[in-house]
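The structure under discussion appears below in the form of structure tokens.
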Amino acid sequence: MDTSAERTVRLSISGMSCAGCVSSVEEALRAVPGVREASVNLAERTAVVTGSAPAEALIEAVRGAGYDAAELTGLDDDERKEEQERAHYRRLMRQFVVATAWGAPLLAGAYLDWFPEFETVGGRLFWLATGLVTAAVMYYSGRHFFIGAWKAFRVHNANMDTLIALGTGNAWLYSMGVALFPEAVPAIAREAYYDAAAIIIGFINLGQALEMRARGRTSEAIRRLIGLQPKTARVVREGRELDVPIEEVGLDETIRVRPGERIPVDGVILEGRSSVDESMLTGEPMPVEKGPGDEVIGGTINVSGTFLYQAKRIGRDTVLAQIIEMVRRAQATKPPIGRLVDKVASVFVPVVLIVAVVTFLAWFNLGGEERLSYAVVTSVTVLVIACPCALGLATPISIMVGVGKAAEHGILIRNGEALQRACELTAVVLDKTGTVTEGRPSVTELVPAAGCTEEELLRLAAGVERGSEHPLAHAILEAAAGRGIEVPPPEGFEAIAGHGVRARVEGRTVLFGNRRLMEREGVDVSALEARAAELAARARTAMYLAADGRAMGLVAVADRIKPDAAAAIRRMHARGLRVVMLTGDQRATAEAVAREVGVDEVIAEVLPQDKAAKVAELQARGEVVAMVGDGINDAPALAQADVGFAIGTGTDVAIESADVTLMRGSLHGVADAIEISRATLRNIKQNLFGAFVYNTLGIPVAAGVLYPFTGMLLNPILAGAAMAMSSVTVVTNANRLRLFRPKGAEA
């Protein structure tokens, strides 16, 4: 298939009620020509479809399967969808009140023997009238179940609506049959179940309403991300500043941002300086200093200062829009455990229908005098209690909360499979440069000789390097600027290949370079040699400085280890993970860094093209491997690993190759992602255990297996309440994940 014309379409699906519906919609979507992948989320009632098929064809396929669909194209659509869900919640609550307000007095009257017998003329008229009112109540409060069942039947499917419609419909039909022809039914079986039909529909509506309200909280992360985008931007047009809707901002427009305002779209600062709070996107709490030429991201907050910047990415191309899209896609995907549940659920309803028929026949043949009444009660109870709503919600609801929780901590998970795989990891492979280290050289130590100060040593080093283009020169000048040192201009700058540099600074002849330069110029550095060797053992590049033939000290430069790298690696060890460093650097340098951060194994001097092969070797040893990297040369290894983590401060290629993107540069993000993964999978297993136990125990009890021992049958009304509450329990348990806080947040 040509993937060049592919796009992702999001659909809002209405009419789905259980995991069987999910399978039906997915099958219909995958059958459309041009569809490469389709994933339906029961919890959110949405579908994400990848391929070249037009949205109209996808909507038509969903309608053909007995459901309805509409395309979601922007943030306004999501707001409209939320408003529709709020209206649906209010409607469900009204339907619950009407059904239970009618059913509760009928239930009370039956127990208190208020109502006339069927055999009398008055009794027959009473029960017929009661049946007609019950039918009206069932139409108002439960017609959506019967419509859903009919749609499913027309396309040869069965779903939760089928079970509810059959259960309550049969209860009503039996009751009307008794009211119309009481003599045809044994006296002991002359009983009406109008109360059960009404109250079951009421309870199921209540359960769906409570589930919808709880489910709304699972999308909190997406709503917060959407809320980060301002509605307007202050643009500069023809010398005037105008407030315009965000949709009207064009590429390369100049935008003014004042203190405390959110940045509307992505761009580059033209004029002014400020500090920007990027914590809502990256999880990094400290504001970042920005100046001319620096990039700013839409949705972040301008803390102090005002600046003008030029819009470079707008609409769906902004980082925030891409993050929202990635989180949505991840929430819609299924881990392997979820796909297994869907397969089970797709055959669950037909199996329940068979069990209900067998239950009816068994009681009708073996139930004694009250066999007809018992057959009706048990078969209706089996149909009602067996609805697989909880089973269908168990996985997607936890995935939605887990992916959203990860996004809150600056961790973007690409799909549900990566989320599940991350909790099975046994080894984490770290690239060194830009991952364990900051990826740029900086001054780590100043070692002045006798009679010299750190400030004088750094001033002379910065002065001689002021005319150099070497990367180490930038590190030294940056260190001087950080200490507020005024750097003197050099005169007669001379680069000595393989040795260092020479220049006149403040009237003195300054040499700055390696030991060979000092030996060549006859400078005695014996007092500094021991310290230089110790720095070299710690992966520092130690450079000697001399002025007018006298040694002034050492300036040590290194790619600084990230301050929290060692703590993050300790967290990985605490989780039982083996940590490996994979780098193209020299072994001595790599081992020095490894000792400092506590890495278990070092694989050094590896060519970029060989990194993926090294990951494959670890996998061949039985390890489930995560690869963490930030560069183009890490992309093949990220793709080879079981789970690839891209440091979001790295290149786009690395991010595209990875399963998980860390928006901040800290390795704590890896440990956080693993903790969130484990918490999410634990939550899914709790949900599945509860749902399976509920159905496994509930169906036999509903069928009457306990009757020979206790003489009791499960009331259909209790079955309806239990079924409704099982879904609410699953959603509530999933929402506990929203309180989860990875240990890295404390660190």
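Scattering from the range 451-493 was approximated by placing one identical point on each alpha carbon and applying the Debye formula without solvent; log10 I(q)/I(0) at 0.15, 0.25 1/Å stands at -0.31, -0.82.
Spin-label model, residue 621 to residue 639: label points 7 Å out along the Cα-to-beta-carbon direction sit 2.5 nm apart.
Relative to the Cα centre, the charge distribution of the chain, modelled as +1 at Lys and Arg Cβ and -1 at Asp and Glu Cβ, gives a dipole magnitude of about 1480 debye. Residue-normalised convex hull volume from the C-alpha trace of the range 466-575: 127 Å³ per residue. By the rule of a C-alpha distance below 20 Å, with chain neighbours fewer than 8 residues away ignored, the lysines paired with residue 743 are 405, 562. Taking every DSSP beta bridge that has both ends in the chain, the antiparallel portion is near 80%. All C-alpha pair distances within the range 518-625, sorted into 10 Å bins from zero, spread as 13, 32, 27, 16, 9, 3, 0 percent across the bins. With viscosity 1.002 mPa s and temperature 20 °C, the Kirkwood radius over alpha carbon pairs of the chain converts through Stokes-Einstein to a diffusion coefficient of 70 µm²/s.
Think of the chain as having a plus end and a minus end, set by charges on the Cβ of Lys, Arg, Asp and Glu; of 140, 627, 24, 140 sits farthest toward the positive end of this dipole. Here the range 553-622 is assigned +1 on the Cβ of each Lys and Arg and -1 on the Cβ of each Asp and Glu. Its dipole about the Cα centre then comes out at about 320 debye. Per residue, the accessible area of the chain comes to 43 Å², computed with a 1.4 Å probe over protein heavy atoms only. When each full DSSP H helix of the chain is screened for a Cα extent of at least 27 Å along its own axis and an average Kyte-Doolittle hydropathy of at least -0.5, the helices passing are 121-154, 160-180, 194-218, 336-366, 389-408, 668-703, 716-735. Probe radius 1.4 Å, ligands and nucleic acids ignored: give me the carbon and sulfur share of the accessible area of the chain as a rounded percent. Using a 1.4 Å probe with all protein chains present, the chain comes out at 57 percent carbon and sulfur.
The values are calculated or read from the model by the stated rules, or taken from the named source; none is laboratory data. The structure presented is a predicted model; accordingly, all values stated were derived computationally and were not measured. No Cβ is skipped: glycine too gets one built from the backbone with ideal geometry, and neighbour counts run over all protein chains shown. The area values use the complete protein model at the heavy-atom level, side chains included, leaving out ligands, DNA and RNA. Shrake-Rupley method; radii C 1.70, N 1.55, O 1.52, S 1.80 Å.
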